[in-house]
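Worksheet: one structure, shown below.
The values are calculated or read from the model by the stated rules, or taken from the named source; none is laboratory data. Being a predicted model, the structure only gives us computed values, none of them experimental. Backbone-built Cβ (ideal geometry, glycine too); neighbour counts: all protein chains shown.
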Amino acid sequence: MEKLQPVNGNVAIKVFEPEEEKTKSGIIIPDSAKERPTEGTITALSADSSEEINVGDRVIFKEYSGTKITHQGEEYLLIQESEILAKIVEVDSI
């Protein structure tokens with residue numbers, strides 16, 4: 001079994017792809033007309049990554065960052081750790 005292991009400060013992210021969008025009249029909006037996804041889940045980290053992020057964290061990253069790759073039939077985005085803007089954290093309501 002193979003595992004994806006990013007190196008040199010990279011992070012592998014499984015991107016949240018938006019569902020197919022249609023207008024009210026039923027016209028499908030093509031991917032080229034949509035905004036690029038900017039949210040995903042970290043699936044792998046390089047050995048030299050910071051302790052602020054971990055595998056499984058939901059993060060927001062820069063819109064045009066990274067390189068899309070396919071590994072074992074799954075699509076991932078490899079980005080530099082510095083391109084992660086925020087981590088989405090669950091909090092209890094007050």
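Assorted remarks:
- Pick from the stretch 73-83, criterion farther than 18 Å from VAL7 by Cβ and in contact (Cβ under 8 Å) with a residue 12 or more places away in the chain, ranking: farthest from the chain's Cα centre (by Cα): GLU74
- Looking across the stretch 44-72, the residues that are assigned to a strand (DSSP E or B), under 12 Å from the mean Cα position of the chain (by Cα) and more than 16 Å from PHE16 (Cβ to Cβ) come down to ALA44, THR67, ILE69.
- If you go through the stretch 5-34 and keep only what is at pLDDT 90 or above and outside any strand (DSSP E or B), you end up with GLN5, PRO6, VAL7, ASN8, GLY9.
- Test: TYR76 is of a type in the set (Phe, Trp, Tyr), modelled with pLDDT of 75 or more and touching a Leu at 6+ places or on another chain (Cβ under 9 Å): yes
- Flag for PRO37 being at pLDDT below 90 and touching an Asp or Glu at 6+ places or on another chain (Cβ under 8 Å): yes
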